[in-house]
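First comes the structure, then the notes that go with it.
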Amino acid sequence: QVQLVESGGGLVQAGGSLRLSCAASGSIGRFAVMGWYRQAPGKERELVARITSGGSTNYLDSVKGRFTISRDNAKNLMYLQMNSLKPEDTAVYYCNVRYFGADNWGQGTQVTVSS
């Protein structure tokens, strides 16, 4: 089992920025893919961005050019830099890794963007 802890959420005005962090138990170098998901009230959880161990990235279309995912294997941390935030980005953001076929999730961090 992998323990994941997200931090960095908060309340921000539209156009502002936040950086989310995900701390993992043990080395993240063992994870081929890590990702950020989000879930807004009344909506399904969706993939926001993911990054491979080689540094390849994929993004949800609506966040391309505004969000940047990165990982620091030496510090066992994954980040999501979010710029030009919009009210529709409001959601609980979750860190995810799949390890030995099982999905592991953090507790989530709330991001609220006011208009």
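The values are calculated or read from the model by the stated rules, or taken from the named source; none is laboratory data. If you're wondering where the values come from, they're calculated on a predicted model, not measured in any experiment. Neighbour counts run over all protein chains shown; Cβ positions are idealised from the backbone, glycine included. Side chains included, ligands, DNA and RNA excluded: accessible areas come from the protein's heavy atoms. Shrake-Rupley method; radii C 1.70, N 1.55, O 1.52, S 1.80 Å.
Apolar share of the accessible surface for the chain: 47 percent from carbon plus sulfur atoms, 1.4 Å probe.
What you get for the chain, charging only the Cβ of Lys and Arg (+1) and of Asp and Glu (-1), is a dipole of about 200 debye around the Cα centre. The 3J(HN,Hα) values that the Karplus relation (6.51, -1.76, 1.60; θ = phi - 60°) gives for the stretch 59-74 are, in residue order, 9, 4, 3, 6, 10, 4, x, 10, 10, 9, 9, 8, 9, 10, 5, 5 Hz. Gly and Pro appear as x.
The base-10 log of I(q)/I(0) for the chain, evaluated at q = 0.17 Å⁻¹, reads -0.75 [Debye formula, identical scatterers on Cα atoms, solvent excluded].
Computed from backbone phi with θ = phi - 60° and the Karplus coefficients 6.51, -1.76 and 1.60, the 3J(HN,Hα) list for the stretch 53-58 is 5, x, x, 6, 10, 9 Hz; x is used for glycine and proline.
What the Cα convex hull of the stretch 1-42 gives, in volume per residue, is 122 Å³.
For THR90, the amide hydrogen comes within under 5 Å of the amide hydrogens of VAL113, counting only partners 5 or more places away or on other chains and with H modelled in the peptide plane.
Taking every protein chain into account, the accessible area of the stretch 68-115 amounts to 49 square angstrom per residue (probe 1.4 Å).
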